[in-house]
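The values are calculated or read from the model by the stated rules, or taken from the named source; none is laboratory data. No experiment lies behind these values; they were computed from the predicted model shown. Ideal geometry is used to build each Cβ from the backbone, glycine not excepted, and the neighbour counts take in all protein chains shown. Please note that ligands, DNA and RNA were not included when accessible areas were found on the heavy atoms of the full protein model with its side chains. Shrake-Rupley method; radii C 1.70, N 1.55, O 1.52, S 1.80 Å.
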Amino acid sequence: MEILFLLLCVLPLFLVLRILFRTSAPQLLLRLWRLAEDHCHVHQFFIVPRHNDQFQENHLYRKVSVYLNSLSSLDDSDFTSLLSGPKSNDIVVQPNLDRPVRDRFLGAEVSWKGEGVGENRSLVLRLRRRDKRRILKPYLQHIFAVSDEIEQSRREIRLFMNSAARVADGGGVEGRWRSVHFTHPATIDTVVMDGELKSKVKSDMETFLKSKQYYHRLGRVWKRSYLLCGPSGTGKTSFIAAMAKLLRYDVYDIDMSRVRDDSDLKLLLMQTTAKSIVVIEDLDRLLLERKSTAVSLSGLLSFMDGVVSYCGEEKVMVFTMNGHEHQLDEAMVRPGRIDVQIHFPLCDFAAFKSLASNYLGLKDHKLFPQVGEIFQTGASLSPAHIGEIMIANRSSPSRALKSVIGALQTVKASNRAGQQRLSGSGSGRSSDESPEPTSVFCRESVHTVREFRKLYGLLRMGSRRKGSVDLSSGEKESYPTMIGPV
């Protein structure tokens, strides 16, 4: 009985001492140890002011602030600030810099603390003297890299469009670019593409983002160019939007009808910023109708890879065309002007199933075999056309598939009628006559195309470039295909 009473008396005291030892005692000893270190000048301090001597913003201060807000150690910190985020239900955790914020890098412990208020605010870095030479420079480089990545992910994307040149009141030319928020919802995941190709394209762009030092070591400007080929409605514009979302780059869409001459086109390029995608759409139409435009062929080639194209870095140039890249001269698509070519074909059964999954949530359906049979006959529609049919009938997947079948059957009947007309006209032609060549540029006027080829040598309709893919024979491709180094 006495032993039990003794245990009841001693046990609470033991628990209290254990709690004090685990919390207050170690913390107190740690603080005493740090005070002793400071007294012996074991640490060195570096001040990062908000502004420099000319009262300009110190970019390092902003970089450090962004970096400190991202530290995972904030979750375990004793003092943090809780703020509302950009959305009503978002809660943002920020460090309370009135207290030291600790970080570890390469095995060394450092800490940050804020001093001063308002415009005189500064951040103070504290680290051991013995660690200074080993970690200071790499640590600051690490801060820049992390903060740049965070700021890039938060960057607001804008769409820029060029306006007609106008003279300002002072006699100069007004700024040519007008911008709006770029809110296109397309992403790489929503673009209808073969999975392997999508991975290659994504990897190519992500590698480009990280290749600044590599390009500089080679003595090359940090830029990349893409050519997107395919009929209207096959996803070229959505792909550009997805590129902008992935890279977090602004989009500069050049309207060639508002460009006065070659110099004006160069000026527009010089006014674009870094981290941007420069787009010229319908390149084949532009080349065909060049007589009605103010930009010459040499001006366009200079825009693609001339000296002016090297003004500014971290840019991506994108050119689109509704035809096939084989219709362009090798000089137009040579490496340096075009780095990567991607072909966007019409929809086939494999791409149709991807659309049905995205738009209707269908992985399989009893009507799928019937759709596949119609695709095998050569009938096809653009992904945009099929997508619109599915959107209009999204409340009834069966009705949507039946509508797609009806549209494909209409195309099939139209193709059959066209073939019969061609065979009928061919039978009435004498054996000495040879059929006129056809062209996706201008089916109504072959003579115009011949003159254009003779004058400028841009279109080589009968030849194929070395290393390109022939899409006119064999099995049709179900997804966009990449032609070029990746």
Subject >> segment 209-278, relative contact order in percent, only Cα pairs under 8 angstrom and at least six apart counted >> reply: 28 percent
**OP:** Give a residue-ordered list of calculated ³J(HN,Hα) values for segment 267-278 (Karplus: 6.51 cos²θ - 1.76 cosθ + 1.60, θ = phi - 60°; whole Hz; x for Gly, Pro).
**Re:** 5, 4, 5, 5, 8, 7, 9, 5, 6, 9, 10, 9
Subject >> Counted charge near LYS275, where neighbours are those whose Cβ lies closer than 10 Å (Asp, Glu -1; Lys, Arg +1) >> reply: 0
Original post:
What FRET efficiency would be calculated for the residue pair GLU115, GLU156, taking the C-beta separation as r and a Förster radius of 35 Å, to the nearest 0.05?
Top reply: 0.65
Original post:
Over what distance in Å are the Cα centres of segment 91-148 and segment 311-334 separated?
Top reply: 45 Å
Original post:
At a 1.4 Å probe radius, carbon and sulfur cover how many percent of the accessible area of segment 322-423?
Top reply: 50 percent
**OP:** Enumerate the calculated ³J(HN,Hα) couplings along segment 181-189 in order (Karplus 6.51 cos²θ - 1.76 cosθ + 1.60, θ = phi - 60°), each rounded to whole Hz, writing x wherever the residue is Gly or Pro.
**Re:** 5, 9, 10, 4, x, 5, 10, 4, 5
**OP:** Whenever you get a sec, line up SER395, SER179 from highest to lowest accessible area (probe 1.4 Å, protein heavy atoms).
**Re:** SER395, SER179
**OP:** Report, by chain and number, residues whose modeled amide H sits under 5 Å from the one on HIS43, excluding near sequence neighbours (fewer than 5 apart, same chain).
**Re:** ARG129
Original post:
Can you list the residues, at least 5 places off or on another chain, whose amide H is less than 5 Å from the amide H of PHE105, using H built in the peptide plane?
Top reply: VAL110
Subject >> With DNA, RNA and ligands ignored, accessible area of LEU381 (1.4 Å probe; Å², nearest 10) >> reply: 10 Å²
Subject >> Unsatisfied cross-links (Cα-Cα over 28 Å) in the set LYS245/LYS402; LYS113/LYS210; LYS200/LYS363; LYS202/LYS402; LYS63/LYS236; LYS315/LYS363 >> reply: LYS245/LYS402; LYS113/LYS210; LYS202/LYS402; LYS63/LYS236; LYS315/LYS363
Original post:
Quick one: length gained pulling LEU106 to GLU289 fully straight, 0.36 nm per residue minus the C-alpha distance?
Top reply: 59.8 nm
Subject >> Built amide H within the under 5 Å cut-off of MET317, gap 5+ >> reply: ARG224, SER225, TYR226, VAL278
Original post:
If PHE55, PHE349, PHE303 are ordered by their accessible area, calculated over protein heavy atoms with a 1.4 Å probe, which sequence runs from highest to lowest?
Top reply: PHE55, PHE349, PHE303
**OP:** Calculate, in nm to one decimal, what PHE368 and GLU149 gain on full extension: separation in residues at 0.36 nm each, minus their alpha carbon distance.
**Re:** 74.4 nm
Original post:
Which whole-number percent is the relative contact order of segment 301-400 (Cα, under 8 Å, 6+ apart)?
Top reply: 24 percent
Subject >> Overall dimensions of segment 175-274 as given by Cα atoms, namely Rg and Dmax in Å >> reply: 15.6, 42
Subject >> Accessible heavy-atom area order of VAL146, VAL278, highest first, probe of 1.4 Å >> reply: VAL146, VAL278
**OP:** Using the Karplus curve 6.51 cos²θ - 1.76 cosθ + 1.60 with θ = phi - 60°, work out ³J(HN,Hα) for each residue of segment 133-142 in order, rounded to whole Hz, and write x for Gly and Pro.
**Re:** 5, 7, 10, 4, 5, x, 5, 5, 5, 4
Subject >> Formal net charge of residues neighbouring ILE157 (Cβ-Cβ distance under 14 Å; K, R +1; D, E -1) >> reply: +2
**OP:** Set the Förster radius R0 to 45 Å, insert the Cβ-Cβ distance between SER298 and SER396 as r into 1/(1 + (r/R0)^6), and round the FRET efficiency to 0.05.
**Re:** 0.20
Subject >> segment 251-334: relative contact order in percent, alpha carbon pairs under 8 Å with at least 6 residues between >> reply: 39 percent
